[in-house]
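Bear in mind that the values in this text are calculations on the coordinates, not laboratory data. Just so it is clear, the model here is predicted, and its values are computed rather than measured. Every residue, glycine among them, receives a Cβ derived from its backbone with ideal geometry; neighbour counts consider all protein chains shown.
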Amino acid sequence: MRFYEAIEVVSPKDFIHIIEVIDNGEEDSYALAIIDWEGEKQLAIRWNVARREWDDPEKINERKTCVGMPSSHGYPVWFVLPNEFLSEIMDKNSTLFKQIKSSI
């Protein structure tokens, strides 16, 4: 299946600029990038192929490109992870880190 490479995902254009692609991923995976989000470095993530796209004959036969998830108005977009959230999960003493760790 064809999907948008991480470097091609530039929406919303008024708010983001890709600084570095950390992982482009494969069709059954995700992409991860550091972006400039309104003047701040942020971590962003997205699925390369959305669940419903796996059953789409046009996308299976590569007549259409998979938009992935999230998307907006038919365009692939990034999900920006808040820096506060990342700080919490990276702090091994935080309640959130402990909760996530015990759930895995």
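Which ordering of Tyr75, Tyr4 is given by a fewest-first count of other beta-carbon atoms within 10 Å?
Tyr75, Tyr4
Charges only on Cβ, +1 for Lys and Arg, -1 for Asp and Glu: so what's the dipole of the chain about the Cα centre, in debye to the nearest 20? Don't jump to the answer; show the numbers that get you there.
Numbers: 12 positive and 19 negative charges, 61 e Å.
Here the chain has a charge dipole of around 300 debye.
Go through segment 27-104 and name the trypsin sites (Lys or Arg not before Pro) that are in a DSSP coil and have 15 or fewer other Cβ atoms within 10 Å of their Cβ. It would help to have the intermediate numbers written out before the result.
Details: sites: Lys41, Arg46, Arg51, Arg52, Lys59, Arg63, Lys64, Lys92, Lys98, Lys101; in loops: Arg63, Lys64, Lys92.
Passing sites in segment 27-104 are Arg63, Lys64, Lys92.
Determine the calculated [θ] at 222 nm for the chain from helices alone, applying -39500 (n - 2.57) to every DSSP H run no shorter than 4 residues and normalising by the residue count; nearest 500 deg cm²/dmol. Could you put the intermediate results ahead of the total?
Values: 3 runs with 21 residues, N = 104.
-5000 deg cm²/dmol, from helical runs alone.
Please list, by residue number, every one of the GluC sites (Glu not before Pro) in segment 1-96 that is coil in DSSP and has at most 16 other beta-carbon atoms within 10 Å. Please list the in-between numbers first.
Working: sites: Glu5, Glu8, Glu20, Glu26, Glu27, Glu38, Glu40, Glu53, Glu58, Glu62, Glu84, Glu88; in loops: Glu5, Glu26, Glu27, Glu38, Glu62.
In loop regions of segment 1-96 (DSSP not H, G, I, E or B), the sparsely surrounded GluC sites (Glu not before Pro) are Glu5, Glu26, Glu27, Glu38, Glu62.
Under the rule a/c < 1.5 gives rounded, and otherwise a/b versus b/c splits prolate from oblate, where does segment 3-90 land using the Cα gyration tensor? Working shown, then result.
Values: a/c = 2.36, a/b = 1.83, b/c = 1.29.
The shape class here is prolate.
Given the options Leu43, Leu81, Leu32, which has the most mean-square fluctuation in a GNM of the chain, springs set between C-alpha atoms less than 10 angstrom apart?
Of Leu43, Leu81, Leu32, the most mobile in the Gaussian network model is Leu81.
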